[in-house]
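J.: Have a look at the structure that comes next, please.
The values are calculated or read from the model by the stated rules, or taken from the named source; none is laboratory data. Quick caveat, the model's predicted, so the values are computed rather than measured. For neighbour counting, all protein chains shown are included, and Cβ atoms are generated from backbone atoms with ideal geometry for every residue, glycine included. Surface accessibility is based on the protein's heavy atoms, side chains included, excluding ligands, DNA and RNA. Shrake-Rupley method; radii C 1.70, N 1.55, O 1.52, S 1.80 Å.
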Amino acid sequence: MFNPTYPVISILGCGWVGKPLAVHLASIGYRVKGSRTTAEGVAELHTLGIEGYTVRLKEDAIEGDNAPFWDADVIIIDVPPRMQRGDHAFVAEMETLAVALEQTRIRHVIFVSSTSVYPNINDKVYEDCNIPPDKPNGVALLKAEKVLLNKPGFNTVVLRFGGLAGFDRLPNTQKKVNDPRAQDTPLNLIHRADCIGVIERVLEKDIWGEVFNACASGHPLRFSYHVQAAAHFDLQRPRRKEPEDDSYKIVTNTKVKDLLGYRFKYDSPLQFFDDKPPKSFTEILNDLDVMKITTSDDGR
């Protein structure tokens, strides 16, 4: 049953994060609408109890049979850049989307971005970092953030997620744990359960117009992460190579913990291996405890 006091949520892009997010929000009382780009994807959403619609973003148009999708209070945009077309294409899509949103009743936007907007500066990076990105993906996302944040027709929250991990996104093969690249660089990762938790907390706290880094507090070296993975998946321990002078960054998460009062379920990537990953998406959906957020003592 929908809670009539909760905002209606539309999720643009029900992929690896968006699909379980939709199921979780629906399970706690939100009315949720989701989008996919194919009829098969929409049909899958319907089987999960989600109102599904076809939405395809183009640089100058939005395609699909999707009019009811835009009848919502909040839209969560979780659409990554397709960099083979260049960063301009993604930014143009976001500009087209922003103009379209101003013609709807949607007044709140959650934009899922990435910590790739920060360059490797061999130091900590905060939300107010103004050093330009050093990768095309980061350039595209930063431009898209500005498009949405600067539109007066709605209020936007930007969530800069670290590398997405957990469940089936773990170094679970010998080839992956043996990867010798950047063994001595600290990791900036976030478990999918915490991606869902942070988004839920934004909706609960009703805080808008902010940019938040969202990644685990712990930043183990990649080699340590792979050693932990090898032990968890019963693989051979990876070999240590000679240290190299690889560049890095350490993404801080102080703001998301202080302003949103969020407490990470997996506050270090080394904790990602504490639970056996479910064997199927159905088991993930049944294990809703892993998607519950933890609050501080004052209930924030």
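J.: Would you check the accessible area of TYR248, probe 1.4 Å, heavy atoms only, in square angstrom rounded to 10?
T.: Here the residue's solvent-accessible area equals roughly 70 Å².
J.: Quick one: accessible surface of LEU25, probe radius 1.4 Å, all protein chains present, in square angstrom to the nearest 10.
T.: My reading of the accessible area for LEU25 is about 0 Å².
J.: Follow-up. Leaving out ligands and nucleic acids, and using a 1.4 Å probe, what accessible area per residue does the chain come to in Å²? Before the final figure, lay out the partial values.
T.: Working: 13980 Å² over 300 residues.
Here the residues of the chain average 47 Å² of exposed surface.
J.: For a label point 7 Å from the Cα of ALA61 along Cα→C-beta, name the residues of segment 77-91 whose backbone N is under 19 Å from it.
T.: Answer for this model: 89-91.
J.: How big is the charge dipole of segment 1-134 about its Cα centre, in debye rounded to the nearest 20, if each Lys and Arg gets +1 on its Cβ and each Asp and Glu gets -1 on its Cβ? Show your work: numbers first, answer last.
T.: Working: 11 positive and 18 negative charges, 79 e Å.
My answer is approximately 380 debye.
J.: For ARG82 and SER27, what does the FRET efficiency come to when R0 = 30 Å and r is the distance between their Cβ atoms, rounded to the nearest 0.05?
T.: Values: r = 31 Å, r/R0 = 1.03.
Given R0 = 30 Å and the Cβ-Cβ separation, E is 0.45.
J.: Also: When the accessible area of the chain is split by element with a 1.4 Å probe, what percent falls to carbon and sulfur?
T.: Values: 6780 of 13980 Å².
Accessible surface attributable to carbon and sulfur in the chain totals 48 percent.
J.: So I have (1) 124; (2) 161; (3) 139, and one of them is volume of the Cα convex hull per residue in Å³ calculated from this model. Which one is it?
T.: Matching entry in (1) 124; (2) 161; (3) 139: (3).
J.: Additional query: Identify the residues of segment 52-84 with backbone N under 19 Å of a label point that sits 7 angstrom from the Cα of ALA43 along the Cα-to-Cβ direction, or state none.
T.: It comes to 52-56, 64-66, nothing else.
J.: Using only DSSP helix segments of four residues or longer, with each worth -39500 (n - 2.57), what per-residue ellipticity at 222 nm results for the chain after dividing by its residue count and rounding to 500?
T.: Numbers: 9 runs with 88 residues, N = 300.
Using -39500 (n - 2.57) per qualifying helix, the result is -8500 deg cm²/dmol.
J.: At what distance in nm do the modelled label points of GLU102 and TYR126 sit from each other, each positioned 7 Å from its Cα along Cα→Cβ?
T.: About 3.3 nm, to one decimal.
J.: Okay, moving on. What order do ASP274, ASP179 take when sorted by accessible area (1.4 Å probe), most exposed first? List each step's numbers first, then the result.
T.: Values: ASP274 105, ASP179 35 Å².
Listed by decreasing accessible area, they come as ASP274, ASP179.
J.: Rounded to whole Hz and in sequence order, give me ³J(HN,Hα) for segment 245-260 from the Karplus expression 6.51 cos²θ - 1.76 cosθ + 1.60, θ = phi - 60°, writing x for Gly and Pro.
T.: 8, 7, 7, 7, 8, 10, 7, 7, 10, 4, 5, 5, 7, 7, 6, 8
J.: Give the residue list of trypsin sites (Lys or Arg not before Pro) in segment 196-263 that are DSSP loop and have at most 11 other beta-carbon atoms within 10 angstrom.
T.: Numbers: sites: ARG201, LYS205, ARG222, ARG239, ARG240, LYS241, LYS249, LYS255, LYS257, ARG263; in loops: ARG239, ARG240, LYS241, LYS249.
Within segment 196-263, the qualifying trypsin sites (Lys or Arg not before Pro) (loop, at most 11 other Cβ atoms within 10 Å) are ARG239, ARG240, LYS241.
J.: May I ask for the net charge around ARG105, where only other residues with Cβ less than 12 Å from the Cβ of ARG105 are counted and Lys, Arg are +1 while Asp, Glu are -1?
T.: Numbers: positive: ARG107; negative: ASP71, ASP73, GLU102.
Net charge around ARG105: -2.
J.: Compute the relative contact order of the chain as a whole-number percentage, counting only Cα pairs closer than 8 Å that sit 6 or more residues apart in sequence.
T.: Values: 574 pairs, mean separation 46.9, N = 300.
After rounding, I find 16 percent.
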